[in-house]
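Enquirer: Here it is, the structure in full.
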Amino acid sequence: MSSDIYVGVTRTLESITIACRRAGRNSSDIRLMAVSKTHPAEAMVEALRAGLTLFGENRVQEYERKSRELDGVELPGAPEVHLIGHLQSNKAARAVQFFQSIDTLDSLRLAERINEAAAKAGRVMPVLLEVKLSSEESKSGLSPEGEETERLLEALPGLANLKVNGLMTVAPLDDDPEVARACFRRLRQHRDAWAAKHQRLDLHELSMGMSGDYEIAIEEGSTMIRLGTAIFGARETPV
Ligand SMILES: *Cc1c(COP(=O)(O)O)cnc(C)c1O
């Protein structure tokens, strides 16, 4: 086992415990997702051996390849892998086949395509709605005040092969931690408002917080933090 990943996991779990204590939260209420994008399949194996079970991958094709590599490898348990990168509608069927959750649902059209693909595969697909709370052009996600969002929220209870669990966001890169805090707080406020208005939807999950801002996300009510760099070290190819 490469001790680097083991050390990364151990250190990260320690700082999560400290952040939870400071925020008055129970660390068992926050799931740690290891973001393994750009890292080889062996990195996932090492993280699994270090006790992690939840993973995030950005691209369907990249994880297809890794999952083939993992076939036949003896693992301590089956990983739960979520798609956390943008999904094109034409890849919905493959995403349904390879992932345990799609955390980047950002349009009604995509919801319909995933629902169809899940129905064909005879399964119910868990999803999170990705909300865009930053003005950065590069970021995808639903605009919280947009019409598309309202139409999607209304349509979701009727899509029988989708199971909505909550919301996800990526905070803008900014040296000022209060920028991320404001973004996380807004996600929680939108969740509260939408949950009150759409009572058939379950929006308990708030996936927010990355290596640079997860302590703040924990203070603001995150239930799932997505850490790449903190666990695996710096990525060679930025994604
Ligand atoms: C890459 C990525 C992460 C992890 O980023 P780090 O800063 O390395 O922790 C989390 N969420 C999403 C959506 C990502 O693309």
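Enquirer: Among the residues of segment 177-235, what is the count of those that are open to solvent by 20 Å² or more (accessible area, probe 1.4 Å), within 13 Å of the ligand (Cβ to nearest atom), in contact with a Leu (Cβ under 7 Å, 6 or more places away or on another chain) and among the small types (Gly, Ala, Ser)?
Expert: Number of matching residues: 1.
Enquirer: Return the total of residues in segment 150-166 being assigned to a loop (DSSP other than H, G, I, E, B) and surrounded by fewer than 13 Cβ atoms within 10 Å (Cβ to Cβ). I'd like the intermediate steps shown before the answer.
Expert: Filtering segment 150-166 for residues assigned to a loop (DSSP other than H, G, I, E, B) gives 159-161.
Those still in the list that are surrounded by fewer than 13 Cβ atoms within 10 Å (Cβ to Cβ) too: 160.
Qualifying residue count, segment 150-166: 1.
Enquirer: Same structure, new question: When you scan segment 189-223, how many residues do you find that are touching a helix residue (DSSP H, G or I) at 6+ places or on another chain (Cβ under 9 Å) and either without any contact (Cβ under 8 Å) to a residue 40 or more places away in the chain or aliphatic (A, V, I, L, M) (or both)?
Expert: Number of matching residues: 15.
Enquirer: Wholly within segment 1-104, which strands (runs of 3 or more DSSP E) include no fewer than the required count, namely at least 2 residues that are under 24 Å from residue 220 (Cα atoms) and touching a Pro at 6+ places or on another chain (Cβ under 7 Å)? Outline the logic, then answer.
Expert: Values: elements: 31-35, 54-57, 80-83.
No strands (runs of 3 or more DSSP E) qualify here.
Enquirer: Out of everything in segment 19-45 that is away from the ligand (no atom under 16 Å from the Cβ) and closer than 17 Å to residue 226 by Cα, what residue ends up being surrounded by the most Cβ atoms within 10 Å (Cβ to Cβ)?
Expert: 20
Enquirer: Quick one: which residue in 91, 66 is open to solvent by less than 10 Å² (accessible area, probe 1.4 Å) and of a type in the set (Lys, Arg)?
Expert: Working: 91 fails: open to solvent by less than 10 Å² (accessible area, probe 1.4 Å).
After ruling out the rest, the residue left standing is 66.
Enquirer: So, one more: Which residue pairs have Cβ atoms under 9 Å apart, sit 6 or more places apart or on different chains, and have a first residue in segment 92-115 that is among the hydroxyl-bearing types (Ser, Thr, Tyr) and a second that is surrounded by 19 or more Cβ atoms within 10 Å (Cβ to Cβ) and assigned to a helix (DSSP H, G or I)?
Expert: Cβ pairs passing all conditions: 104/110; 107/152.
Enquirer: Can you list residue pairs whose Cβ atoms sit under 8 Å apart, with the first residue in segment 35-47 being under 14 Å from residue 62 (Cα atoms) and among the charged types (D, E, K, R) and the second being within 16 Å of the ligand (Cβ to nearest atom) and in a helix (DSSP H, G or I)? Count only pairs 6 or more apart in sequence or on different chains.
Expert: That search, which allows pairs on different chains as well, returns 37/62.
Enquirer: Name every residue in segment 154-207 that is of a type in the set (Val, Ile, Thr) and farther than 30 Å from residue 122 by Cβ, in order of residue number. Please lay out each step first, then the result.
Expert: Looking only at segment 154-207, we keep the residues that are of a type in the set (Val, Ile, Thr), and these are 164, 169-170, 179.
Across segment 154-207, the qualifying residues are 169, 170, 179.
The values are calculated or read from the model by the stated rules, or taken from the named source; none is laboratory data. In this text the structure is predicted, and so the values were computed from the model without any measurement. When we count neighbours, we look across all protein chains shown, and the Cβ atoms used for this are built from the backbone with ideal geometry, even at glycine. Remember, those area values only see protein heavy atoms, side chains included, never the ligands or the DNA or RNA. Shrake-Rupley method; radii C 1.70, N 1.55, O 1.52, S 1.80 Å.
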